Amino acid sequence: MKATSSNILVTGGAGFIGSNFVLQWLRDAGASVVNLDLLTYAGNAGNLAALEGDSRYRLVRGDICDADLVAGLLRDHRPRAIVHFAAESHVDRSIADPGAFIRTNVQGTFTLLEQAKLFWTALDDADRHAFRFLHVSTDEVYGSLGPGDPAFSESTAYAPNSPYAASKAASDHLVRAYHHTYGLPVITTNCSNNYGPFQFPEKLIPLMILNALEGKPLPVYGNGSNVRDWLHVEDHCAAIRIALARGRVGETYNIGGNSERKNLDVVAAICDLVDELRPDAQLGPRRKLITFVGDRPGHDLRYAINASKIAQELRWKPALQFEDGLRKTVAWYLEHGSWIESVRTGAYRDWIKQNYEERIPR
Ligand code: NAD
Ligand code: DAU
């Protein structure tokens with residue numbers, strides 16, 4: 001069987017984390033990338049506009065559930081690794097419409113694993129040894145922590161609470177099973193909340209930046225005391241590259257920012273940064289836009305990651321402090337008005353209406 005190339009196949013590389021990963025990979029690592037992405041509402045080919053004319057990058061618009069397409073890409077490009085980001089990723093959408101999450105996150109991951117197994121089995125010994133399937137997952141598979149509970153470690157029991165988390169947990173289990181049963185050389189990473197450039201403005205941080213800028217209400221679910229552990233996307237991408245290069249096959253690695261913050265504190269910090277960078281005397285301090293709204297059903301109280309395994313084994317730690325990363329991120333959104341307009345389509349506006357109309361008190 002013909003040898004693998006130095007190419008990697010990335011799925012979901014036009015989404016938030018995937019596009020940051022592809023940009024970082026081609027900036028630092030060099031080898032070519034084939035990006036399989038369906039370009040759903042969350043995928044935007046424009047995130048990778050900087051790569052126009054770069055012969056190392058190729059976008060293939062298609063579905064990870066399409067076995068023939070995946071088989072053809074593996075046959076034609078002979079990647080040495082698959083880095084799997086593609087997913088439905090927004091918890092609120094999974095509550096409103098879980099079917100798409102089961103399809104892409106469970107069926108799609110299964111399809112990729114099955115095709116990867118067929119491809120990998122036929123490789124010669126050296127290539128089979130070097131091949132990797134890196135599955136990008138989330139800390140939400142572990143469920144919710146109480147205020148004093150120890151942070152999630154790799155041995156924390158799975159207890160997913162939303163349809164999104166359950167679909168990611170199912171995908172993690174399939175990845176594990178393909179290693180245990182067939183020997184497929186997999187690595188799974190479970191990361192905490194990311195923020196940074198190109199995040200779709202349905203998620204907390206970009207939504208709040210844009211609403212603050214435009215003087216709209218800032219819809220905080222419940223009382224705002226839920227805690228997330230924030231990590232800048234560049235740090236997450238660096239951790240994935242290290243796990244791909246040096247991670248032990250069959251292992252899982254937790255990735256986190258060691259930056260637990262209450263939602264209300266994050267939103268207040270965004271208000272202050274927008275006030276500083278885009279003062280608006282007529283509007284006054286943006287904190288007054290904070291509006292407590294109906295809670296997310298089954299809302300997990302707290303996530304926190306114990307990242308000591310990846311720190312000790314692979315020598316990874318985050319480079320960016322949350323406050324510095326947040327400042328850079330607010331500045332990025334303020335400077336990228338045309339990107340924002342390009343993603344705020346009619347379908348986006350419909351979603352915002354659907355998700356917030358009932359919650360916001362009149
Ligand atoms: P995203 O929603 O921004 O992007 C998902 C991408 O997948 C989009 O480009 C979309 O077009 C593509 N896609 C969706 N369905 C597809 C299909 N059937 N076939 C091919 N492509 C498809 O998501 P994200 O925030 O960048 O998350 C990427 C991955 O990282 C996900 O697996 C997510 O579970 C995981 N993760 C996200 C975070 C976070 O904070 N955002 C944290 C930890 C883990
Ligand atoms: O922990 C990792 C996960 O982080 C990823 O696996 C998911 O893909 C990603 O979307 C994210 O999930 P969260 O549900 O934590 O992120 P989100 O930005 O949707 O919400 C963050 C917190 O803010 C959460 O407690 C809910 C709250 N929130 C969110 C929105 C959109 C609000 O209070 N108001 C809002 O309008």
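Please compute the alpha carbon radius of gyration of segment 84-129, then divide it by the globular-protein estimate 2.2 N^0.38 Å. Two decimals is fine.
Ratio of Cα Rg to 2.2 N^0.38 Å: 1.58.
Can you list the HN-Hα couplings for segment 178-193, worked out from phi with the Karplus curve (6.51, -1.76, 1.60; θ = phi - 60°), rounded to whole Hz and with x for Gly and Pro?
The phi angles translate into 5, 6, 5, 7, 10, x, 4, x, 9, 9, 10, 10, 10, 10, 7, 4 Hz.
Charges only on Cβ, +1 for Lys and Arg, -1 for Asp and Glu: so what's the dipole of segment 193-308 about the Cα centre, in debye to the nearest 20?
The dipole of segment 193-308 has a size of about 140 debye.
Please report, in debye to the nearest 20, how large the charge dipole of segment 263-362 is about its Cα centre when each Lys and Arg carries +1 at its beta carbon and each Asp and Glu carries -1 there.
Around 160 debye, computed over segment 263-362.
Given the options Asn211, Asn161, Pro185, identify the residue whose Cα lies farthest towards the positive end of the charge dipole of segment 68-215 (+1 on Cβ of Lys, Arg; -1 on Cβ of Asp, Glu).
Value computed over the given set: Pro185.
How large is the helix-only mean residue ellipticity at 222 nm for the chain, computed as the sum of -39500 (n - 2.57) over DSSP H runs with n ≥ 4, divided by its residue count, in deg cm²/dmol to the nearest 500?
Using -39500 (n - 2.57) per qualifying helix, the result is -12500 deg cm²/dmol.
What span do the alpha-carbon atoms of segment 54-103 cover on each of the three principal axes, reported in whole Å from largest to smallest?
Principal-axis extents of the Cα atoms in segment 54-103, largest first: 39, 25, 18 Å.
Rounded to the nearest 0.05, what FRET efficiency is calculated for Asn223 and Glu357 with R0 set to 22 Å and r the Cβ-Cβ distance?
Computed FRET efficiency for Asn223 and Glu357: 0.60.
Taking 0.36 nm per residue of sequence separation and subtracting the Cα-Cα distance, how much length would be gained by fully extending the chain between Val249 and Gln321, in nm to one decimal?
Once the chain is fully extended between Val249 and Gln321, it gains 22.9 nm.
Can you give me the C-alpha center-to-center distance between segment 17-55 and segment 317-362, rounded to a whole angstrom?
20
Could you quote the convex hull projected area for segment 5-131, Cα atoms only and averaged over all directions, in nm²?
7.7
Taking the Cα centre of the chain as origin, work out the dipole magnitude from +1 charges on Lys and Arg Cβ and -1 charges on Asp and Glu Cβ, in debye rounded to 20.
Here the size comes out at about 240 debye.
Ranking request for peptides 101-109, 189-197: highest mean number of other beta-carbon atoms within 10 Å first, then the rest in descending order.
The peptides rank, most packed first, as 189-197, 101-109.
Among DSSP beta bridges lying fully in the chain, give the percent that are antiparallel, nearest 5.
Counting DSSP beta bridges with both partners in the chain, the antiparallel share is about 10 percent.
Taking 0.36 nm per intervening residue step and subtracting the Cα-Cα distance, what contour gain separates Tyr182 from Leu118 on full extension?
22.0 nm
Given a 1.4 angstrom probe, I'd like the percentage of the accessible area of segment 56-135 that is carbon and sulfur, rounded to a whole number.
51
Using 0.36 nm times the number of residues separating Asp272 and Leu301, minus their current alpha carbon distance, what extension gain do you get?
Difference between extended and current length: 8.0 nm.
Which trypsin sites (Lys or Arg not before Pro) does segment 255-350 hold that lie in a coil by DSSP with at most 10 other beta carbons within 10 Å?
Listed in order of number, the matching sites are Arg315.
How large is the Kirkwood hydrodynamic radius of the chain, in angstrom, based on all distinct alpha carbon pairs?
21.0
Counting only DSSP beta bridges with both residues in segment 195-294, what percent are antiparallel, rounded to the nearest 5?
Beta bridges within segment 195-294, antiparallel portion: roughly 40 percent.
Please list, in chain and number order, the residues 5+ apart from Ala159 or on another chain whose amide H is under 5 Å from its amide H, with Hs placed from the backbone.
Amide H neighbours of Ala159, under 5 Å, 5+ apart: Tyr142, Gly143.
Restricting to Cα atoms and excluding each atom paired with itself, what does the Kirkwood estimate give for segment 280-361 in Å?
In segment 280-361 this quantity evaluates to 17.4 Å.
Using Cα-only point scatterers and the Debye equation, what is log10 of I(q)/I(0) for segment 172-289 at each q in 0.09, 0.11 Å⁻¹, rounded to two decimals?
The computed values of log10 I(q)/I(0) come out as -0.37, -0.51.
For the charge dipole of segment 1-145, defined by +1 on Lys and Arg C-beta atoms and -1 on Asp and Glu C-beta atoms about the Cα centroid, which residue among Gln24, Asn47, Ile64 has the Cα displaced farthest towards the positive pole?
Gln24
For segment 183-325, with every protein chain kept in place, what is the accessible area per residue (1.4 Å probe, Å²)?
Normalised by residue count, the accessible surface of segment 183-325 is 38 Å².
Can you list the residues, at least 5 places off or on another chain, whose amide H is less than 5 Å from the amide H of Tyr221, using H built in the peptide plane?
Hits under the 5 Å cutoff: Val293.
Put one equal scatterer on each alpha carbon of segment 128-224, apply the Debye formula with no solvent term, and list log10 I(q)/I(0) at q = 0.20 1/Å to two decimals.
Once normalised to I(0) and log-transformed, intensities are -1.09.
Rounded to the nearest 0.05, what FRET efficiency do Arg27 and Gln282 give with R0 = 45 Å and r taken as the Cβ-Cβ distance? Could you check?
0.65
The values are calculated or read from the model by the stated rules, or taken from the named source; none is laboratory data. The shown structure was predicted, so the numbers you read here are calculated from the model rather than taken from an experiment. With ideal geometry, Cβ positions are generated from the backbone for all residues, glycine too; neighbour counts draw on all protein chains shown. The area values use the complete protein model at the heavy-atom level, side chains included, leaving out ligands, DNA and RNA. Shrake-Rupley method; radii C 1.70, N 1.55, O 1.52, S 1.80 Å.
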